[in-house]
Structures are given as structure tokens and as C-alpha cells.
Amino acid sequence: MHLTARAGLLAIAAVAATGLGAVGAAVPRVAGTAAAVPRSEPAYDYAAATRETVWVPTGQTAPDGTPVRVAADVIRPSGTPGPVPVIMDASPYYLSLGRGNESQRKAFDAAGRPTSFPLFLDNYFVPRGYAVVQVDLAGTGRSTGCTDVGGPSDVSSATSVVDWLNGRAPAFTAPAAGTRVAATWASGAVGMIGKSWDGTIANAAAATGVEGLDTIVPISAISSWYDYYRSAGAAFPTGTLSGLAALVENPQAARLCGGVKAALDAGTPPTGDLTPTWRARDYAASAGKVRASVLAVHGLNDLNVKTLNFGRWWAALPPGVEKKVWLSQTGHVDPFDFRRPEWVEALHRWFDHYLLGMDNGITSDPQGTVETAPDVWRNDPVWPPPTSTASLSPAPGPDDGVGSLTTAASSGTAGFTDDRGTEDTWVPEGSNPGRLLYRTDPLPRDVRVVGTPSITVTASSSTGAARLSALLVDYGPTTSRAQGEGEGIENLATRSCWGPSTTPDSACYLDTRTALVESDRTVLARGWADLGHHAGLAQGAPLTPGTPYAMTFPLATTDRVVAAGHRLGLVVAGTDAAHLTPPDGVARITVDLGATRLDLPVVGGL
């Protein structure tokens, strides 16, 4: 932590301990339980908080030659006895798609001053002695410049504000010219938080090692934009970087930034190749620079930002980084909307420790908190727990394309036609000419699969291109979160409040409940690949029809328990119509079963 920031926090702690402060000024109280665990408590008037906007230069230049400045909307306690820490969320969504379950947007008065800050963070934490800073990424909201979707412009949008909060960079009262503003009220301790693209920028900023970023809370966050748009050489039909930029950019950026979007398209061709443009947006590759602590959250059923993004980021963090994780069985959902009271409490303790320096025992808490069934949670002292690799081979059975999944060696071949199907048609039992299905015997005990499985497929194609899909399936009756429109939750008509409100900025949010579904089969993890990238992701190549190729690719990072009596299943198929763009032609794919293997990280073995 910045030296002056540490001094400021110690000064606040000293004032809180004595109960003394400037005449007429509220001071942050540190309350405790019988065990004297410190805790920040509401001590500041939310309605009287200072609300302002500053524009921070990023060091980037817009296409018209002007320096880029990003808008940072600030809400902070007034009358504070000393510097305060900052909770920061840098986002492209504040004036486009909105934030949170209710798509909240920023609001401003006639003079342009911020009056409404999306999400609950300002209502809850500002009275407790924190500032909240919401940054519009370059080219979005009220910021100048262009968004480059995870590239240098996006990343500097965040790091430049961290620099300003630590006295290393200027800010101004206007997007051009204006009066210089210093963050004299800031302690220098910054924590970044955000869901999806916002959390992605938290990862990216931390991977620069920027001084003063003491903690990050990435929720459903990307660690590699390649893994968001591609999978082992296969392209997802989720659009393009340039299309995403166009979705969020402001009118000024829409006029000026055509060249930036063209460069994004040129650098990310639909081939599936891992290009320099993708590599520049791989934050896990730079995770060795991370100095901030990490509280990560991800939904195990997130098919927007797939869990491989979390798994690779978690594995790449240096051993010295303090980290914790929450894994739910939701999809792309904020923990505020699936476990609200517990999440607010956990976040409160996390920020109190890492931004206010309170010794509240958070570092002794379990490292992993995992939802094992709807609203049933397990804590792990260390996540992932120790595992061993169970290698399973597909073995032929009496029916075409259906057989057993076994630890014994296998042999033979099996084939299917790429029918452009989906898991809804592939997972049901029985023969299906569009896929292969292999299952274990009923399990004699519960088996926990935790980590990132992988599969090695050796296959030949009748055409010059072929896609592969692999599904890990739990065959057995299960009650789970429904993964429909709400991705595991349903909104209720009631609201709960998390701090004081003002007329334009309510602290009250729609309550939710768990959405449930009963099924006799559950997909635990998915993986996809382009067989033409068998030699490496840098460049694919046409296949020679009839020639076998071996390719290893990951499935989604997961943490699921398969109950005793259930069967583990492996589905191997071609183009998953719900997730992949198809190749030209209709391929007949033949799999060498003896040279195909599923590797599962399991607790205690099979």
C-alpha cells in the first residue's frame, strides 16, 4: 500500500479508537462483537455526501488527436477527519445497458453533477467511511476516446484513475481544459469491483501491477478475451469485439472510432487463430504482476463468461496473492442477487480488511465457498482441495456409438455425422447418429469433480474441417437451479434496502428467489475445439480427409458432486449449434477410442 495511504488509514483508525474528530464532523466508528472484531459502521450522512465528476487523462490519444480523458463520478463522505479509501467500478455500461439486475444507469442534475450511482455500493459503503468512484471507460458514457474492448485504452481507463487517487496523475473539472483537481481526500487504498466487463477490467488493471490497487472483486469476469469469443480454435457465435464496442460507445466515439473497430476486426479474424490482438487481451498471461488480493465470484453454469476464464485466472495468480472464491450454481448472476445478506457481509469484511486495514479475521476464513445444491453451501479451507487425475477411456458397447467409460484401456473406433445438434438432442440416452455417448457404471460413492477437466480426442474427418464438442454429464435425478432466462434466480415483487436513500438514488432492490428444475441428467462441463488447430492455436490448417489427428482441449472449470448411484457420462459430437459456428461441409468424424481419453480432477479418486 502507498505510504501516505497507510498513514491516512492509521490516522482514521486512531480517531475511531478515541472517538475524537473535528468539531461537528462525523467520524467512522469501529464497532466490535464480544470478541472485539473491528467493523466499520455508518457514521456519515449519505444525503450530505460530496458528489462530483472529474476527468482523468489516460495517456491515450483519440483519433482526432486530442488527449483522452475518462469521466470518474465520485461520491464520498463529507466532513471526514482524514483520507478515505475508494471502492471503484470501471464500466462501459453506465449510460448504455445499465448495471445490475434492474439495469440502473447514472443520473445527473442540470449542472451535470452525478445524483444517482448504480448498484448498492454507494448507499452502503459511503456512510461507513468509503468513497465510491464509478469510471466510464474511454469512448463510453461521458468519457472521450475509444473503447478497444479490453485493450490498452480500456485498461488505462482504470489504471489512470488509480494513479490519480494516489497522487501520481492529474484530473480536471471538464473533458477538455478545466481546472486541475487533486484527490486530497483519498487515502490511496483502492479496491476494484465489478461484474462481467467491469470485473474483467479489474483483472486487467491488477495484471499491470499498478501501485495502490490493493484488492479486486471480479464477478463473472473475463481473464482472456480469446476464451470469451473462441475455444481451442473454434469460434463462438457471440459477435465480435467491434460489435461489442459499437454496442456501448457514446455518439462521439461512434463518429470517431471506425478505424479502431476496423483494427479490432482485422486482428481477430473468424479463423479461430490465437492472434497478437487476442494475446494482448490475455490477463492470465500477466497474472504474475498481480499484487492485489482477489475475491473472485463465478457461476458454474455461466455460459456467457464461461468458467474457464475463472479457472485460468485463479491458477495463474502468484502463490503470494491472498485470494478467495465463491462458486454458485447460477449462470451470469451477481451474488447480490442470489445470496444477498451473506454477500454484503462478506464484502463488508473484505473491504474493511484490505482497504481500512482492520484485523477482522477475514484471512483465516475458508478459501472456497461453493454451492453444492440450490442454496446449500460448502466451505473449503483451500480451493481447489487436493485432487488426483482420473483418466477414463471410452469403450464400445453393443449399440452403435454407445458404450462404457472406464479406467481400463480401450480399443476400436466409432463414428458420427456432424448434425449441428445441441446438448438437448445429444445428452439423452440411446443411439444417436449425431454423437457418441459413453457412461461409467453406477458410482459406488459420491465423486467430487473439481478443477478443469480436459479431453484428448484422436479423430479423422471426411472433410477438410471439423468441429468437436465434449460434454461431461451427470446421469441421475438431480434438483438444480433452472438455467432459463433468469439463470437460476427469479425476481420477486418485494424489495430490501441496503443503506440510506435519496430521492434520485434508492438503496432498495428487488428481492429474488431460487428458480429450480428437476432433471434426470445434468451437464457439468462443456468443451469445444476445431480439429484443424490440433498442432497449436496460433494457426489452423486444413485437414487431410481420413487422416487421424490428436487434439487435447479443456472443458469448463467446475466443482460438482456426482452422487452415489449416478453415472458419469461423456458425449463427443461435432458442431454444437448453440455455441459454435459450423465449418463448411458436413463431416463424418471417426474417433479412435484407444487414443481418446478424458482426464478428470477428482477428490479421492474414482
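For segment 183-215, give me the residue count where each residue is of a type in the set (S, T, N, Q), open to solvent by 10 Å² or more (accessible area, probe 1.4 Å) and under 18 Å from the mean Cα position of the chain (by Cα).
2
Quick check: is even one residue across segment 520-541 of a type in the set (Asp, Glu) and without any contact (Cβ under 8 Å) to a residue 40 or more places away in the chain?
no
So which residues in segment 509-527 are touching a Pro at 6+ places or on another chain (Cβ under 8 Å) and among the aliphatic types (A, V, I, L, M), if there are any at all?
LEU516, ALA525, listed by residue number.
Please state which one of VAL70, VAL37, VAL27 is at pLDDT 95 or above and of a type in the set (A, V, I, L, M, F, W, C).
That would be VAL70, the only listed residue that is at pLDDT 95 or above and of a type in the set (A, V, I, L, M, F, W, C).
So which residues in segment 40-50 are surrounded by fewer than 17 Cβ atoms within 10 Å (Cβ to Cβ) and either in contact with a strand residue (DSSP E or B) (Cβ under 8 Å, 6 or more places away or on another chain) or among the aromatic types (Phe, Trp, Tyr) (or both)?
GLU41, THR50
Of TYR475, TYR509, which residue is open to solvent by less than 30 Å² (accessible area, probe 1.4 Å), in contact with a Gly (Cβ under 7 Å, 6 or more places away or on another chain), more than 17 Å from HIS579 (Cα to Cα) and in a strand (DSSP E or B)?
On inspection, the qualifying residue turns out to be TYR475.
Give segment 343-357 a look and list any residue that's outside any helix (DSSP H, G or I) and in contact with a Lys or Arg (Cβ under 7 Å, 6 or more places away or on another chain), or say none.
Across segment 343-357, there are no qualifying residues.
Among the residues of segment 267-316, write down those that are touching a Ser or Thr at 6+ places or on another chain (Cβ under 6 Å), among the aliphatic types (A, V, I, L, M) and open to solvent by less than 10 Å² (accessible area, probe 1.4 Å).
Of everything in segment 267-316, those that are touching a Ser or Thr at 6+ places or on another chain (Cβ under 6 Å), among the aliphatic types (A, V, I, L, M) and open to solvent by less than 10 Å² (accessible area, probe 1.4 Å) turn out to be ALA292, VAL305.
SER157 passes all but one of (1) touching a residue at least 60 places away in the same chain (Cβ under 8 Å); (2) over 20 Å from GLU52 (Cβ atoms); (3) assigned to a helix (DSSP H, G or I); which number fails?
Of everything listed in (1) touching a residue at least 60 places away in the same chain (Cβ under 8 Å); (2) over 20 Å from GLU52 (Cβ atoms); (3) assigned to a helix (DSSP H, G or I), SER157 misses just condition (2).
Report the residue count in segment 51-61 for those that are polar (S, T, N, Q) and exposed (fewer than 15 other Cβ atoms within 10 Å of the Cβ).
Selection size over segment 51-61: 1.
State yes or no: is GLY546 over 17 Å from ALA395 (Cα atoms) and touching a residue at least 24 places away in the same chain (Cβ under 8 Å)?
Taking the combined requirement at face value, the residue satisfies it.
Restricting attention to segment 243-259, and to residues there that are open to solvent by less than 50 Å² (accessible area, probe 1.4 Å) and more than 21 Å from VAL135 (Cα to Cα), which single residue is farthest from the chain's Cα centre (by Cα)?
The qualifying residue farthest from the chain's Cα centre (by Cα) is GLY258.
Grab the strands (runs of 3 or more DSSP E) fully contained in segment 539-606, keeping just those with 3 or more residues being open to solvent by 10 Å² or more (accessible area, probe 1.4 Å).
Filter on segment 539-606 gives 549-554, 588-592, 597-602.
Please pick out the residue among GLY464, GLY434 that is touching a Leu at 6+ places or on another chain (Cβ under 8 Å) and over 25 Å from GLY311 (Cα atoms).
The match here is GLY464.
If a residue has to be small (Gly, Ala, Ser), part of a helix (DSSP H, G or I) and open to solvent by less than 10 Å² (accessible area, probe 1.4 Å) to count, how many in segment 216-242 make the cut?
0
Scan (1) buried (at least 18 other Cβ atoms within 10 Å of the Cβ); (2) at negative phi for the single condition ALA263 breaks and write down its number.
(1)
Could you please give the count of residues in segment 160-213 that are of a type outside the set (Gly, Ala, Ser) and in a helix (DSSP H, G or I)?
10
Could you identify the single residue in GLY421, GLY486, GLY403 that is part of a strand (DSSP E or B) and either farther than 22 Å from VAL517 by Cβ or within 32 Å of the chain's Cα centre (by Cα) (or both)?
Exactly one residue qualifies, and that residue is GLY403.
Listed here are the residues, each with its yes/no results for (1) open to solvent by 10 Å² or more (accessible area, probe 1.4 Å); (2) touching a Leu at 6+ places or on another chain (Cβ under 6 Å).
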position: ASP109; (1), (2): yes, no
position: PHE125; (1), (2): no, no
position: VAL133; (1), (2): no, no
position: GLY141; (1), (2): yes, yes
position: GLY150; (1), (2): no, no
position: ASP163; (1), (2): yes, no
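Please go through segment 153-205 and give me each residue that is of a type in the set (Phe, Trp, Tyr) and within 26 Å of SER96 (Cβ to Cβ), ordered by number.
TRP164, PHE172, TRP197
Only residues that are open to solvent by 70 Å² or more (accessible area, probe 1.4 Å) and within 16 Å of PRO394 (Cα to Cα): list them for segment 419-441, please.
Residues satisfying the conditions are GLU429, SER431, ASP441.
Within segment 114-123, is there a residue that is at pLDDT 95 or above, among the charged types (D, E, K, R) and open to solvent by 20 Å² or more (accessible area, probe 1.4 Å)?
No, segment 114-123 has no match at all.
The values are calculated or read from the model by the stated rules, or taken from the named source; none is laboratory data. The shown structure was predicted, so the numbers you read here are calculated from the model rather than taken from an experiment. Here the Cβ is made from the backbone with ideal geometry for all residues, glycine too, and neighbour counts use every protein chain on show. All accessible areas refer to the heavy atoms of the entire protein, side chains included, with ligands and DNA or RNA removed. Shrake-Rupley method; radii C 1.70, N 1.55, O 1.52, S 1.80 Å.
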